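These notes concern the structure reproduced below.
The values are calculated or read from the model by the stated rules, or taken from the named source; none is laboratory data. Every value quoted in this text rests on a predicted model; they were computed, and no experiment measured them. No Cβ is skipped: glycine too gets one built from the backbone with ideal geometry, and neighbour counts run over all protein chains shown. All accessible areas refer to the heavy atoms of the entire protein, side chains included, with ligands and DNA or RNA removed. Shrake-Rupley method; radii C 1.70, N 1.55, O 1.52, S 1.80 Å.
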Amino acid sequence: MDLGTLIGIGAAFLLIAISILLGGSPAVFINVPSILIVVGGGLASALGAFPLKDFIRGLTAASKAFTWKPPDFADVLNTIGEIATKVRREGILSLESEIEVYYQKDPFLGDIIRMLVDGIEISEIRATAEGALAQLDEKLSTEVAVWEKLGELFPAYGMIGTLIGLIQMLRNLHDPSALGPGMAVALITTLYGAVLANAFAIPIANKLKKIKDTELLVKMVYIEAMEKIQRGENPNVIKQEVAVMLGIKVGEEG
């Protein structure tokens, strides 16, 4: 688990809660109509912007922001180096005995090696792998887009709630006792929208984008590396090139 997102979002809400408690009664910050406007309205509009299946998958993807374990780039580099050395010494078919190990590391890598062992042309392997990569890119991009949309919609519905509260307040100018509650609704909806967007939706979207970029990078590295291995390039050269793609130095892999 990557604790950064959990700590960051938790700390943001905790600091807001502490500020509210230090300022007085927290009950004044609870308003059901405002919650319905901001949360309900934001979710409803986001649902209208995506197919139902994509919307549900995007919402549930939020859990990945808290549970995702970043891939170990050093392990990726070592794995590629071991495969390259084994192929150089024993040939492509020597990989078949360890195919399950590669599937456990990454099913995408396992599929590529399976195709190599089966003797499929590297151009066809690359086309198939890039097609799978494009599908993964579309899926992960949709998850990001759902939360980016929520990050836009929550403040927008906060403003809608503010306008509703102001209209209600202006209609009751003859009743001074109604001005306070009307203004409270107006301001609280803005607060809800800002908090949900900046303390939750936007951080989730940014984390999902990081996950997407990292996952696609690793799989692209596998494609490039396996093509070089199939061509019989020097294992040390392959490791150097892969290390550059991953942004690490050879020797840092331990």
Mean projection area, nm², convex hull over Cα of region 1-83: 8.9 nm²
Between helix 73-90 and the chain, what is the angle of the helix's C-alpha long axis to the longest principal axis, kept within 0 to 90° and rounded to the nearest 10? 20 degrees
Sorted by packing (mean other beta-carbon atoms within 10 Å per residue), highest first, where do 8-15, 160-167 land? 160-167, 8-15
Listed here are the pairs Lys105/Lys139; Lys64/Lys86; Lys139/Lys239; Lys139/Lys228; Lys53/Lys105; Lys207/Lys239; which of them are more than 26 Å apart at the Cα? Lys64/Lys86; Lys139/Lys239; Lys139/Lys228; Lys53/Lys105; Lys207/Lys239
Counting only GluC sites (Glu not before Pro) that sit in a DSSP loop (anything but H, G, I, E, B) with at most 16 other Cβ atoms within 10 Å, what is the longest stretch of the chain containing none of them? 1-120
Scattering from the C-alpha atoms of the chain alone, worked out with Debye: what is log10 I(q)/I(0) at q = 0.08, 0.09, 0.11 1/Å? -0.49, -0.57, -0.73
What part of the accessible area of region 91-140, given as a whole %, is carbon or sulfur when the probe is 1.4 angstrom? 51 percent
Among Val218, Val38, Val237, which one shows the highest mean-square fluctuation when the chain is modelled as a Gaussian network with alpha-carbon springs under 10 Å? Val237
Pull up the cross-link candidates among the aspartates and glutamates for Lys210, meaning alpha carbon to alpha carbon under 16 Å and not fewer than 8 places away within one chain. Asp2, Asp72, Asp137, Glu138, Glu143, Glu148
Virtual paramagnetic centre 7 Å along Cα→Cβ of Glu100, amide N under 16 Å, in region 113-127: 114
